[in-house]
Amino acid sequence: MRTLLPCAALLLVVGLTTVPLAAQDARLAARLPTGTRLAVERLMDSARAGGLPTEPLVRKALEGESKGADSARIVSAVATLARYLEQARQALGTGADEATLVAGAAALRAGAQPARLRALDSLRSRERLAVPLSVLADLLTSGVEPERAWTTVRQMATQGAPDADFLELRERLTGGRQGQAPGLPPAAERPPTAAPLPAPHGPSP
């Protein structure tokens, strides 16, 4: 686990930016200490200047506060999300909407490669990309082997599977036993190769 910078250092680094502060967000003002709020708002200003959505950063900060995270962890989490949002935009283009960028950021954080985001983007219109990206992120964080997770999502996208099929796949993966990837058989029963998971409908490719 990486050692987090002390809160004072994080606030100093963020405070050195020359981007002017945006209008104060009432939600942050109501729930965050002043120094933490200012640091988060600096990150929001930088994100906004780069054409990134800022609402996900607000939600991340408030999530940290609701879980009792200290100021350093809140600022670090917001900065990390901003970085993944920027990487997602680089992979998916400036036309990607907020939901798509958030899902792409989640997939990158879960271990997906930017090239795979671009490949998925080429298979589906951007308006319909958020759900497959979100499901890919969920598969990866659920413990599915990365190659199997990617192959499954890619093949479903190639087949033109609707969002409902991707959501059905995710639903099947949410009720597993603790300690194993939900919805998958025990490791001993899985094929040794990186075979894709079966799509919810239709024959396997």
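Where a number appears in this text, it was derived from the coordinates with a stated rule and is not lab data. Bear in mind the structure is a predicted one, so any value in this text is a computation, not a measurement. Cβ sites come from the backbone with ideal geometry, for glycine too, and all protein chains shown count toward neighbours.
Multiply the residue gap between Thr34 and Ala49 by 0.36 nm, knock off their C-alpha separation, and tell me the result in nm, one decimal place.
Numbers: separation 15, 0.36 × 15 = 5.40 nm, distance 2.23 nm.
Extra length available between Thr34 and Ala49 comes to 3.2 nm.
Within a Cβ distance under 13 Å of Ala30, other residues only, what is the Lys/Arg minus Asp/Glu net charge?
Taking every Cβ under 13 Å from that of Ala30, the sum is +1.
Could you sort 110-123, 52-65 so that the peptide with the highest average Cβ count within 10 Å comes first and the rest follow in order?
The peptides rank, most packed first, as 52-65, 110-123.
If you build the convex hull over the alpha carbons only and average its shadow over all orientations, what do you get for the stretch 62-161? Give it in nm² to one decimal.
Average projection, Cα convex hull of the stretch 62-161: 6.5 nm².
At a Förster radius of 30 Å, what calculated FRET efficiency corresponds to the Cβ-Cβ distance of Ala115 and Asp70, to the nearest 0.05?
0.25
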